[in-house]
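One structure below.
The values are calculated or read from the model by the stated rules, or taken from the named source; none is laboratory data. Everything numeric in this text was worked out from a predicted model, so none of it was measured. Don't worry about glycine lacking a Cβ; one is built from the backbone with ideal geometry, like all the others, and counts go over all protein chains shown. When the accessible area is computed, the model is the full protein with side chains, heavy atoms only, and any ligands, DNA or RNA have been set aside. Shrake-Rupley method; radii C 1.70, N 1.55, O 1.52, S 1.80 Å.
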Amino acid sequence: MKHVFTFDPDRCCACSACMIACTDQNDINLKAGEKCFRKTYDTEVAFKEGGIYCAYLSTACMHCEDAPCIAACPVGCISKDADTGFTIYDNTNCVGCKSCAMACPFGAPRYNTEDGKMVKCDGCYIRIKNGMKPACVRACSFGALDCLTEEEYRNSGSDKACNVLIDQANLRKKEALGRWR
Amino acid sequence: MNKIAIIGFGAAGYCAAAEARKWDPDALIDVYTDAGRGPYNPMLTTYYVKGAIDYEAMFPFGSLDEIEERLGLCIHRNTAVTGLDAETKTICLPDGTKAAYDNILISTGASAFVPPIQGGDLPGVFKMRTAEDGVYLKKLLDGGKIRSGLVVGASWVGIKVVEDLVEQGVDCTLVDGADWAFSIAAFRQTAQRVHRDLEKKGIKLAFGQMLSHIEQEEDGRITAVMKNGRRFTADIIAICIGVRPNVAFLKDSGIAVNRGVLVDERMGTNLPGIYGAGDCCEAYEIQSGERKNIGLWFNARKQGEVAGANMAGKRKAFGGNALLNLAHYLDYDFISIGDVASCRDEDQVYEYEDDRYYIRAVRGEKLKCINMIGTGESNGVVKSLFIKYFENNQAEMDMASICHLKENGFPDSFIDFIGRDQH
Amino acid sequence: MNELEKKIKAKIPGEDTGIEIKRSLCAICSPGCHCGLDCYVKDGQLLKVEGTLEHPYNRGKLCTKGAANRNYIYREDRIRTPLKRVGPRGEGKFEPISWDEAYGIIAEKLAAVKEKYSPHSVAFFSGYCKWYRPILHRFCYTFGSVNFGTDDSTCFKSMDIANSLTTGAPGGPNIPNTNTFLGWNYGGYYSNHLSVGPVRALKERGGKVIIIDVRYSPAAKNFADIFLQIRPGTDGALALGMGKLIIDNGWADMDYIEKHTYGFDEYKELVQNYPLDKVCEITGLNPDDVFEATKLYATNGPACTNFSASALTHRVNGLQTHRAIICLGALTGNFDRPGGNVPSFASYIHKRGGFTTREMEFREEKRPFDQLRIGETRFPTWDEYCDEFQAMDLLRQIEEGRPYPVKAIVGFGMNAKMFPETDKLVKAFDKLDFFVDADMFMTYTAKYADIVLPSCSSLERGEMKAYEGGYLAFTKPAIPPLYESKSDVDMLCELARVMDLDDDLLKAGYEACCDWMIEGNGVTVADLKASDLPVKIQTAKPVVPGAYLEKGCRTPTGKIEFYSKAIAAYDPKYGLNPLPDYVDPLFDENDPETKEKYPFHMIAGIRIPNTIHSRVHEVPWLRSLRPDPLCEINQDDAKNLGINDGDPVEVSSPYGTVRLKAMITAKLQPGVLAMAHGYTEANANVLVGRDHLDPYSGYPGFKSLRCSIRKY
Ligand SMILES: Cc1cc2nc3c(=O)[nH]c(=O)nc-3n(C[C@H](O)[C@H](O)[C@H](O)COP(=O)(O)OP(=O)(O)OC[C@H]3O[C@@H](n4cnc5c(N)ncnc54)[C@H](O)[C@@H]3O)c2cc1C
Ligand code: SF4
Ligand code: SF4
């Protein structure tokens, strides 16, 4: 069953429970310099015409439908899981060339300093296959992150699929902090 | 039944075959390759040399037999196509026979260019493109007798050969005819930082050195003699001064060829039913709106896919093609996005440097070129912003990209510079 | 990797993978929470945690800290054995000893202090986590000391006292039935994650939200229909100004006031001093916004108010501020009605289960009355409403030895960093004959102890816990205690045996104590243990709005008291005001010289997602989210001072200095600084003066003090 990650920026507060859950699930060794696959942002963006937008975001691999990283990798590390449609990888042959990072519009691939190999979010596809939600989704207390089957997504009428939720700055201007000052 | 011929079986050829098979299970797909082994990835040769991967890993799609079986192809091994009659969509084979098809893909790639100079065939002189080139260098280096190496050509291939040599402890000199490294993509200032980085690793550099010929020394070493008379002596010499698309066999075929085969968005040539993809072609580039030969693995795969789909009757287009150069070498990475040659003295320049990053960007009326060193994990974000900018410069820069760049230590002034006429 | 290996790597529970889910609870934050935890365990090792979906309290949810439980319990610096100090206090040199030896030393030293001075010279003190408090409390009293104290001296209780003084009962916001949520100091996201869902649901059904905060918080961004970014500590003035608007505009519920309140006329007179323009001058707010917010609150049907446990009361005007806010509910008839603030009482350790236990009897049964408690004569309100000593007077009493000396401390998770002028307190520890502390980690405070006992985490023990909705649970260990660590209650009960205290119940052990406390509810500990999830208690009754007022308030007049009769009864020498008047939050630091030297208003102790007090600063996963202690500063102020984001800065007050890094933000107003508390290397509370205290509650003004900042 194909799955879709959704994200609702109006529910997020960058509490980063998702990052902790990802770290817990994937045994990310922060001490060795490894980085969590998911990244949250609590960032203030100033608009040219005044006002500040306080962005709270959580991003990881968007599991692009036509994932450019797959074609970019010279050794074929990255592929699609046929079931979930998630972008998964086997980095045995990874040469650490960062071609995948150059292809990815979201900065999702990470490099372990120790072996120089790429790692990234695999959508917890094994959990999904076993009837569970991805670890980060499970940890989101506020319903900002979710992972739905394609069918659930269509029925939900949501427009918050991660891989389409990109050009939003405009919409959000009205919420800029300037309104209260 | 749709009869498809694919000439040349690299990444472009393979992806075209796979995609055509996906959409047309019944098509007859004939593949012509001048090699006897599966499609390989030229950029992996130097990784094979340094032992980062096995020999087999250079062939990411498997062996010819496996592929033939998996995709239901008919592969003609060791069969270099010698000519093409576009009118009748017929190809000529080395044994003089001909075969006609409904659709033909030209995916013959490019070859490393070695000028016809005296001494160019001396033992120890080599190039770096094919799996065989990789095997050759690896044997030499594994032999343990190589003490010094000279690399002619400070560009993407040359720098990878330098990396192989340095990691083996071989004393290494890098020379180039231009005034600085990566001259077709790097600003002089960017190159200065590159030079500093390379020299820190003990690499000797010399620029403005045009290769004249190569001489054999009595002690068995070889010497590259420059047009200015300077001599560089080493155990081995790599010649990495560029590639040439393999299009000679298309002479008089009626197919429009510049440096490479000229194609449209659907990878079609000027003649119906004939397509081009990969290093042998020139596709539309987003910044200039003109056709350019941009030899990248990703492009070869994507263009092959697009050609394959179109040959199977699907409409698919190749877009978002920008001038890109990425070099990952010796703990550094350098990326150039856009056309450095289009930059003028009167343009606005943005420059930023800290211990991690070097960034230099230029804009005239529009954004022109961005050079970055050390920004590896963020390269895709910047590249994609650059492409979006040219696709629609009214579009807002998206929040996720802004956040990513800010959090990864890109200064606000840079975000401002590249997003200037956006908001 | 084959399929099974992939499943093991993905930590999928099942027979094939050998991974089992065991149920426990997270005890990282306050006992008002304690979410149900699914522990993924293999061979006695914890592999991962998740919130328990079937748990009636958290329904699968966890906060950032809770999600880090694995990293928390496996911290490398867990204390492994009982320890005896061998170096000077604070240096951190200890040697391992056996449990028997440790108990022996404790028994001997405590007996010696009791002998030489009196049992009251031993102060028992509990920090987090509060779960063992009934046992420690009873232990203290059985031992014979009046001095049982806790971190309640700076947490939650001030609000509780204000409630008791005004309505006689704590009243939580009844969001599901309200039309308007007055989110006074409501952060939610970083402090009480489960509170966010109901507010969102309110918004989704068209309800209105007003947020009043000093920071433009996620709650303000995501929920506020009206956001009032108030000057720190001026909330009392705002509440009184709103009161005036409500009365002047005829929005007050006069029938309700008539029937259920006391002292309205005096209150009405008081608020005449707070006209809108003056209020806006004090609070820095826009008069239109204040008017609109007040109108919305008072005229949009049922409205409820967020009562923040600490944010408002950590100011020297805090208790009265809270009273002033409660008064708005009385004016509009929103106290004890559906959609307003509905009173309910705790069943067991702060949790309101709708049933009663004998927790209080258990704690009080052995209480001695033969001495004054620490702080008793200094904070009469505190003493009347809290059965503990006010620890903000502990430092003075250790130093001065008056009215009697304090010579020993029995600490459980004691945190010296919660005390103003922390540095002075730890120095005063030198005057003690004996200090024992139980903790999971070798904390800043534990380093000053003579004996340190290794506690285990909630995942390694069984504990009793009540939950909202009529539930009671008794957990089982998900993994065995690490090293030689033990459950705090087992230490206490074993110690009771070693010391042969006159208390058979304590000596019978924790489970027997629990059985005694829950008797009459139709369940036993054994029944509770038979279930992996909280058990529904048959005696539990749902809260019926209106029932409390019907019966009459637990105040001297039986009514909601605008004018507090209890306060009026205290000796005038304390200078306490029965009306909830406003005073400046910096009234004791406003002399011209201090004002000039320390021009910034510091909020020491803001909530950030990855910390809770001092408890998880050293948990690597959580620390990685914000590696450095940060002082938040408004972007314009920073510009004026030439401070860039990430610059090292020195923040000073008349009492101390901390060094940390600057975080530049637009979310704070100019003139305001904010930092999280509890860091050892940048302890916010060294900036707080020991006498910068609320005269009613004794609470320190953590969140309103004068500071300066400079780049160093
Ligand atoms: C050292 C090195 C480093 C590189 N680094 C990078 C990098 O970092 N990133 C990146 O994106 N790209 C890199 N590249 C470029 C990338 O490898 C190529 O762009 C890509 O492989 C081109 O694929 P292709 O299928 O078009 O051509 P090829 O792989 O060249 O395949 C064409 C095939 O056709 C065969 N052929 C030619 N003529 C005929 C004929 N007449 N009949 C039959 N067969 C014929 C050729 O022998 C060859 O096997 C690098 C290349 C090299 C050499
Ligand atoms: S790594 Fe990047 S490009 Fe690849 S699927 Fe994920 S988001 Fe898309
Ligand atoms: S870094 Fe590894 S995974 Fe990414 S493209 Fe290079 S080889 Fe592939």
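Could you tell me the accessible area of B:I75 in Å² (1.4 Å probe, neighbours in place), rounded to the nearest ten?
Rounded to the nearest 10, the figure is 10 Å².
Considering only DSSP beta bridges where both residues belong to the protein assembly as shown, give the percentage that are antiparallel (nearest 5).
Among the beta bridges of the protein assembly as shown, antiparallel pairing accounts for roughly 60 percent.
Among B:V162, A:L148, C:G698, which residue has its Cα positioned farthest towards the positive end of the charge dipole of the protein assembly as shown, with +1 placed on the Cβ of Lys and Arg, -1 on the Cβ of Asp and Glu, and the dipole taken about the Cα centre?
In the protein assembly as shown, that residue is A:L148.
Report in % the part of the accessible area of region C:3-73 that belongs to carbon and sulfur, leaving out ligands and nucleic acids; probe 1.4 Å.
Of all accessible area on region C:3-73, carbon and sulfur atoms account for 48 percent.
FRET efficiency for C:R75 and C:K639, Cβ-Cβ distance as r, R0 = 35 Å, nearest 0.05?
Plugging the Cβ-Cβ distance into 1/(1 + (r/R0)^6) gives 0.30.
To the nearest 10 degrees, how steep is helix C:235-248 against the longest Cα principal axis of chain C, on a 0 to 90 scale?
Roughly 40 degrees, rounded to the nearest 10.
If contacts are Cα pairs under 8 angstrom and at least 6 residues apart, what is the relative contact order of chain A in percent?
The normalised contact order for chain A reaches 32 percent.
For region C:285-430, with the dipole built from +1 on Lys and Arg beta-carbon atoms and -1 on Asp and Glu ones, taken about the Cα centre, which of C:T294, C:L328, C:S344 lies farthest toward the positive end?
It is C:S344.
Of all beta bridges DSSP finds with both residues in chain C, what is the antiparallel percent, to the nearest 5?
Bridges in chain C that DSSP calls antiparallel: roughly 50 percent.
Treating only the Cβ of Lys, Arg, Asp and Glu as charged (+1, +1, -1, -1), what charge dipole size does the protein assembly as shown show about its Cα centre? Round to the nearest 20 debye.
For the protein assembly as shown, the charge dipole is close to 340 debye.
Between the alpha-carbon centers of region B:247-288 and region A:19-51, tell me the distance in whole angstrom.
Region B:247-288 and region A:19-51 have Cα centres separated by 44 Å.
Among the listed pairs B:K302/B:K388; C:K11/C:K536; A:K48/C:K711; A:K120/B:K383, which are separated by more than 22 Å between their Cα atoms?
Over 22 Å apart, Cα to Cα: C:K11/C:K536; A:K48/C:K711.
Could you work out the pair-distance distribution P(r) of region C:59-173 from its alpha-carbon pairs, with 5 angstrom bin width and percents rounded to whole numbers?
With a bin width of 5 Å, the distribution comes to 2, 8, 10, 12, 18, 18, 12, 9, 7, 4, 0.
Sorting C:E269, B:E282 by accessible area (1.4 Å probe), largest first, what list results?
C:E269, B:E282
Looking at the square roots a ≥ b ≥ c of the eigenvalues of the Cα gyration tensor of chain B, which shape do they give, rounded for a/c under 1.5, prolate if a/b is larger than b/c, or oblate?
oblate
Relative contact order, percent, of chain C when contacts are C-alpha pairs under 8 Å separated by at least 6 residues?
18 percent
Report the local net charge at B:E132: Lys and Arg +1, Asp and Glu -1, summed over other residues whose C-beta lies under 14 Å from its C-beta.
Surrounding charge for B:E132 is +3.
Out of the DSSP beta bridges found with both residues in region C:171-343, what percent are antiparallel (nearest 5)?
20 percent
Relative to the longest principal axis of the C-alpha atoms of chain C, give the angle of the C-alpha long axis of helix C:318-331, reported between 0 and 90° and rounded to the nearest 10°.
That helix lies at roughly 60 degrees to the long axis.
Could you work out the per residue convex hull volume over the alpha carbons of the protein assembly as shown, in cubic angstrom?
In the protein assembly as shown, the Cα hull volume divided by residue count equals 198 Å³.
Using the crude model of +1 on Lys and Arg Cβ and -1 on Asp and Glu Cβ, and no other charge, please compute the dipole size for region C:587-711 relative to its Cα centre, in debye to 20.
Value, rounded to 20: 360 debye.
Across peptide A:37-50, what mean number of C-beta atoms from other chains lies inside 10 Å of a residue's C-beta?
That average works out to 4.
Just reorder B:W23, C:W621 by solvent-accessible area, largest first, 1.4 Å probe, all chains present.
I get B:W23, C:W621, largest accessible area first.
Note the direction-averaged projected area, equal to a quarter of the hull surface, for the Cα convex hull of chain C, in nm².
Its Cα hull, projected and averaged over all orientations, spans 31.3 nm².
Kindly provide the helix-only [θ] at 222 nm of chain B, computed as the sum of -39,500 (n - 2.57) over DSSP H runs of four or more divided by all residues, to the nearest 500 deg cm²/dmol?
Here the helix-only value at 222 nm equals -7500 deg cm²/dmol.
Beta carbons within 10 angstrom, averaged per residue: use that to sort the peptides C:470-483, B:355-368, C:127-140, highest first.
My ranking of the peptides, most packed first, is C:127-140, C:470-483, B:355-368.
About the Cα centre of chain A, how large is the charge dipole given +1 on each Lys and Arg Cβ and -1 on each Asp and Glu Cβ? Please answer in debye to the nearest 20.
Roughly 440 debye for chain A.
In region B:292-314, which residues have a backbone nitrogen under 20 Å from the label point lying 7 Å from B:C74's Cα in the Cα-to-Cβ direction?
Taking a point 7 Å out along Cα→Cβ of B:C74, the residues of region B:292-314 whose backbone N falls under 20 Å are B:308, B:311-313.
How high is the relative contact order of region A:65-122? Use alpha-carbon pairs under 8 Å, at least six apart in sequence, and give a whole percent.
Relative contact order here is 31 percent.
Shielding of C:55-68 by partners, i.e. mean partner chain Cβ atoms within 10 Å per residue?
Partner Cβ neighbours, averaged per residue: 5.
What FRET efficiency would be calculated for the residue pair B:R244, B:D412, taking the C-beta separation as r and a Förster radius of 35 Å, to the nearest 0.05?
Computed FRET efficiency for B:R244 and B:D412: 0.20.
Which is farthest toward the positive dipole end of the protein assembly as shown among B:I106, B:Y329, A:N112, measuring Cα position about the Cα centre, with Cβ charges +1 (Lys, Arg) and -1 (Asp, Glu)?
Checked the options; the winner is B:I106.
Please state, as a whole number in µm²/s, the translational diffusion coefficient that the Stokes-Einstein equation yields for region C:498-588 at 37 °C and 0.692 mPa s, with Rh defined as the Kirkwood radius across alpha carbon pairs.
175 µm²/s
What is the helix-to-structure angle for C:287-299, meaning the angle in degrees between its Cα long axis and the longest Cα principal axis of chain C, kept from 0 to 90 and rounded to the nearest 10?
Here the helix axis deviates by roughly 70 degrees.
If you take the square roots of the eigenvalues of the alpha-carbon gyration tensor of chain A and sort them as a ≥ b ≥ c, do you get rounded (a/c under 1.5), prolate (a/b over b/c) or oblate?
prolate
Which length gain, in nm to one decimal place, applies between A:M1 and A:D27 when the Cα-Cα distance is subtracted from 0.36 nm times their residue separation?
Additional length available on full extension: 6.7 nm.
Rounded to the nearest 10 Å², what accessible area does C:R75 have for a 1.4 Å probe in the complete protein model?
Spelled out: C:R75, probe radius 1.4 Å, area about 20 Å².
Give me the extension gain from C:S98 to C:W251: residue separation times 0.36 nm, minus the current Cα-Cα distance, reported in nm with one decimal.
48.3 nm is the gain from fully extending C:S98 to C:W251.
How much of B:I337 can a 1.4 Å solvent probe reach, expressed as accessible area in Å² and rounded to 10?
Answer for B:I337: close to 0 Å² accessible.
If r is the Cβ-Cβ distance from C:R554 to B:V349 and R0 is 56 Å, what FRET efficiency results, to the nearest 0.05?
Working from the Cβ atoms, E equals 0.15.
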